[in-house]
Amino acid sequence: MAGKNDTSSAVTESANSFLNVPVSDLKGVGAKRADLFAQKGITTVLDLFYFFPGNYEDRTKIIPLDKLEDGKPAFIKGTVVYADEENLPRRRKKIFKIIISRKTERLELVWFNVNKNFFAAVSEPGTLICAYGTAKLFGNKKQMYHPDVVTADKAGESPGFLPVYPSIEGIPNKVVRTTVKTAVDNYLDLLIDPVPENILKKQKLPGLKESIRQLHFPDKSSDYDCLMDSDTPFHKRIRFDRFFNLMLKVLYERQIRNRISVPPLKITGKMLKDITGSFPFELTDDQLAGIRSIGEDLAGGRPMNRLVMGDVGTGKTVIAAAAAYMAVKNNLQAALMAPTQLLAEQHMEYFCSLPPEMDFKPVLLTGNLKKAAREEIYSAVKKGDYNIIIGTHALIQDRLIFNNLGLAVIDEQHRFGVQQRASIIEKGKNTHVLSMSATPIPRTIAITLYGDRDFSFIGQYPGSRVPVSTLLVDRAKKRWIFDTLKDCLTHGRQAYVVCPLVDESEKLELKNVTDMAQSLKKILPSEYSVEYIHGQLDPFTKENRLRDFRSGKTNILVATTVIEVGIHVPNATLMIIEHPERLGLAQIHQLRGRIGRDGKGGTCILISPETQSDKTRERLCTLEKCSSGFEIAQKDMEFRGHGEITGIRQSGFSELGIGEILKHHDLFTKSSDTARELFETDPDLKSPESRHIKTMLASVFDEG
Ligand code: ADP
Ligand code: MG
């Protein structure tokens, strides 16, 4: 087969461009269905290959009727003894019912509001039929609602495990299944495996074709539990590819950077001394080390690309200010980009509060400025009247032209896409980049994942900071929780109440938050004001409410997990988290980072779930004992199971997500080692002209 030894084509996309056959070329896919597929991001046969099922129906074995379990799906077989339409007079509804029997057992199959003609083939008494559905047991009576039925002779040909795809509006799962089948039957043989065979052998990974086939249509001998846990060798292979591609890209970017040289900045000992003297407190050793490294980077003659990783509250802003100071003293402008308006405002306040000797001339540029004001800022920035330009995405507008941008600081860098980062960098001639992140991930993973950068880890908390204490409290102790809340308010402090959403898509989210806000209003004395925020509020309202909380106008803020990373309300000392079991440990850790920001401590109450397993309890208890984000991330990783893999093809980093890397860190390490090995030995991969790299950058990593 062509391409087997083609080690240079390390990426599926480029090697398999001929699979960009539109789905509408497949039998059974007309223009309308093609549109529906497209809405899910599926336009080509290759997209279909990578549209993996999230679940499988086990139709490998027939479950005897006396072994049916309530609420569990089952594949069953029996003889029709009765089939007819019936009226439900009280509910003015028609149902269609088939009763089947096997040995001494009976089972009713029931459909509401369906055309009885549909059942012609399976309703003749005496017919042997098979059905797949979820059993409902009511005492002796067994039922299945809306099962999938076929005559037994047809079922005999059916595959063992049927794939269940993520739902596509307007296309039934059965149709998706046959469409994928057609695609696999007609085109899979053309697929070229981009990963060299020797690597697959060494890593004991199956081939790509076999993997794609098995993920859609598993062999009857497959292990059902492994399938459902996305834990087969075939799942592993797909994950390997994702990590592998990601790492190739990181390696490529790093070596591109190493080739560029820029005029070094002048960084003097006095400058560093002045910096440390400019803050009203002593800097921590980690802050100092970070600042020193930045000085070396800027003076080093290569573009700086440094990532400062430190937990919330470790004082990263100071480091950003120090970097900006060095740029400004070299007569360069610095830009500070934050993901939200509120964070940008916070930074603006911060820079305005720094001593005048630092010579900062800050300006705030955000999306909601009036046109005239914005134009005025544009022209002042262009003239060089401001030397630190703080803002949101507004900083990457084409119309904004810097006088001499020398440093771009990107706060909460994971909130920006590759494209946005690139846009700000392009605004200067030799822009140095400093990114900041509070994402708690284990160091080893961070170093690999962000292999294109240099690192500063900030592990120490500043000053005599009292850590936030975290308590897992039984829901039954409502009274105590309420008293704690009231106590916090009477002392003039503020509190967050967090209600995580039940399900990403659910309206219940709003209900949880608004209900909670309402009941708090009811039970609290009227002088306390309660406000709520959630993801579905328009950004303007959301920011206003956050601002009111910051200014102290609101005493309690009820929120989903949307409360910003980095939001700084030093007066907030209490956080109550409902349903902490729905959240990852790292996420809770991020949330509790919102409180105790004045360094005097705070309390985070996790309301203990009523029905909690020992494992849930053990997991949540980690937070009581452990206060380091990196350590918690490590623990989180150990507690997680395997996650399903779907929508693989849109595998930008943002979607790949750190979560997936944490879950599969062994595989991640392996694939990154392998990528490094291949990168070192394959000259073609290093060339900027490499077609493969280009295609890869363009197609796989256009996001995140
Ligand atoms: P991060 O961005 O890392 O979450 P911030 O930069 O917002 O943290 O800092 C949190 C708080 O700690 C701020 O109020 C800041 O003034 C304070 N801070 C920073 N460094 C020190 C230090 N060395 N000593 C005392 N307080 C500090
Ligand atoms: Mg910050």
For this session: Say whether the condition of being within 16 Å of ligand 1 (Cβ to nearest atom), in contact with a Pro (Cβ under 8 Å, 6 or more places away or on another chain) and under 28 Å from Thr541 (Cβ atoms) is met by at least one residue in segment 350-359.
Result: yes
Problem set entry | Pairs where the first residue, in segment 522-535, is assigned to a loop (DSSP other than H, G, I, E, B) and the second is at pLDDT 90 or above, C-beta under 6 Å, 6+ apart | Tyr528/Leu489; Tyr528/Asn555; Ser529/Thr554; Ser529/Asn555
For this session: Please find, among Met326, Met271, Met358, the residue that is under 30 Å from Val466 (Cβ atoms) and away from ligand 2 (no atom under 13 Å from the Cβ).
Result: Met358
Exercise. Touching a Phe, Trp or Tyr at 6+ places or on another chain (Cβ under 8 Å), free of Cβ contacts under 8 Å to residues at least 40 places away in the same chain and not hydrophobic (A, V, I, L, M, F, W, C): does that describe Pro362?
Worked result: yes
Problem set entry | Scan of segment 432-455 for residues that are outside any helix (DSSP H, G or I), closer than 23 Å to Leu662 by Cα and within 16 Å of ligand 1 (Cβ to nearest atom), ordered by number | Ser435, Met436, Ser437, Ala438, Thr439, Pro440, Ile441, Phe455
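The rows are residues; the columns are (1) of a type in the set (D, E, K, R); (2) on the phi < 0 side of the Ramachandran plot; (3) in contact with a Phe, Trp or Tyr (Cβ under 7 Å, 6 or more places away or on another chain).
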{"site": "Ala74", "(1), (2), (3)": "no, yes, no"}
{"site": "Glu85", "(1), (2), (3)": "yes, yes, yes"}
{"site": "Val114", "(1), (2), (3)": "no, yes, yes"}
{"site": "Val122", "(1), (2), (3)": "no, yes, no"}
{"site": "Ala131", "(1), (2), (3)": "no, yes, no"}
{"site": "Ala135", "(1), (2), (3)": "no, yes, no"}
{"site": "Phe138", "(1), (2), (3)": "no, yes, no"}
{"site": "Leu162", "(1), (2), (3)": "no, yes, yes"}
For this session: Would you be able to tell me the number of residues in segment 478-501 that are loosely packed, with under 15 Cβ neighbours inside 10 Å, within 21 Å of Asp515 (Cβ to Cβ) and small (Gly, Ala, Ser)?
Result: 0
Exercise. Does segment 401-412 contain at least one residue that is within 16 Å of ligand 2 (Cβ to nearest atom) and either at positive phi or surrounded by fewer than 18 Cβ atoms within 10 Å (Cβ to Cβ) (or both)?
Worked result: yes
For this session: Would you point out which residue out of Tyr252, Tyr325 is within 16 Å of ligand 1 (Cβ to nearest atom), of a type in the set (Ser, Thr, Tyr), closer than 27 Å to Thr431 by Cα and buried (at least 19 other Cβ atoms within 10 Å of the Cβ)?
Result: Tyr325
Exercise. Looking at this structure, is Arg306 on the phi < 0 side of the Ramachandran plot and within 16 Å of ligand 1 (Cβ to nearest atom)?
Worked result: yes
For this session: Those residues that are in a helix (DSSP H, G or I) and buried (at least 19 other Cβ atoms within 10 Å of the Cβ), I need them from segment 546-562; list them, please.
Result: Leu546, Phe549, Arg550
Exercise. How about segment 257-284: which of its residues are under 26 Å from Ser353 (Cα atoms) and assigned to a helix (DSSP H, G or I)?
Worked result: Gly269, Lys270, Met271, Leu272, Lys273, Asp274, Ile275, Thr276, Gly277, Ser278
For this session: Run down Ala572, Ala633 and say which single residue is closer than 18 Å to Tyr461 by Cβ, surrounded by 16 or more Cβ atoms within 10 Å (Cβ to Cβ) and at pLDDT 85 or above.
Result: Ala572
Problem set entry | When residues of segment 437-448 are limited to those that are farther than 11 Å from Met309 by Cα and in contact with a Phe, Trp or Tyr (Cβ under 8 Å, 6 or more places away or on another chain), the one farthest from ligand 2 (Cβ to nearest atom) | Thr448
Seminar exercise, completed: With criteria (1) over 23 Å from Tyr461 (Cα atoms); (2) without any contact (Cβ under 8 Å) to a residue 24 or more places away in the chain, Pro339 comes up short on (2)
For this session: Please verify whether segment 609-626 includes one or more residues that are within 16 Å of ligand 1 (Cβ to nearest atom), assigned to a helix (DSSP H, G or I) and either in contact (Cβ under 8 Å) with a residue 12 or more places away in the chain or at positive phi (or both).
Result: no
Exercise. If you go through segment 255-278, how many residues are among the hydrophobic types (A, V, I, L, M, F, W, C) and over 38 Å from the mean Cα position of the chain (by Cα)?
Worked result: 3
Problem set entry | Subset of segment 285-304 (residues that are surrounded by fewer than 20 Cβ atoms within 10 Å (Cβ to Cβ) and either outside any helix (DSSP H, G or I) or of a type in the set (S, T, N, Q) (or both)) | Ser293, Gly300, Gly301, Arg302, Pro303
For this session: Those residues that are more than 16 Å from ligand 1 (Cβ to nearest atom) and of a type in the set (Asp, Glu), I need them from segment 386-431; list them, please.
Result: Asp398, Glu426
For this session: Can you tell me which residue within segment 547-573, out of those that are within 16 Å of ligand 1 (Cβ to nearest atom) and of a type in the set (A, V, I, L, M, F, W, C), is nearest to Val468 (Cα to Cα)?
Result: Ala572
Exercise. Any idea which residue in segment 574-603 is farthest from Cys499 (Cα to Cα), counting only those that are assigned to a strand (DSSP E or B) and either acidic (Asp, Glu) or within 14 Å of ligand 1 (Cβ to nearest atom) (or both)?
Worked result: Lys600
Exercise. Does segment 367-384 contain any residue that is within 35 Å of the chain's Cα centre (by Cα) and hydrophobic (A, V, I, L, M, F, W, C)?
Worked result: yes
Seminar exercise, completed: Pairing a residue in segment 54-79 that is closer than 18 Å to Phe161 by Cα with any residue that is polar (S, T, N, Q) and in a strand (DSSP E or B), where Cβ atoms lie under 6 Å and the two sit 6 or more apart in sequence or on different chains, gives Pro73/Thr134
Seminar exercise, completed: So, first residue farther than 21 Å from Ala633 by Cβ in segment 588-601, second residue assigned to a strand (DSSP E or B), Cβ within less than 7 Å, six or more apart or across chains; the pairs are Gly599/Val466; Lys600/Val466; Gly601/Val466; Gly601/Pro467; Gly601/Val468; Gly601/Ser469
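The values are calculated or read from the model by the stated rules, or taken from the named source; none is laboratory data. A quick note: this is a predicted structure, and the numbers were derived from the prediction, not measured. Positions of Cβ are backbone-derived with ideal geometry, glycine not excepted, and every protein chain shown enters the neighbour counts.
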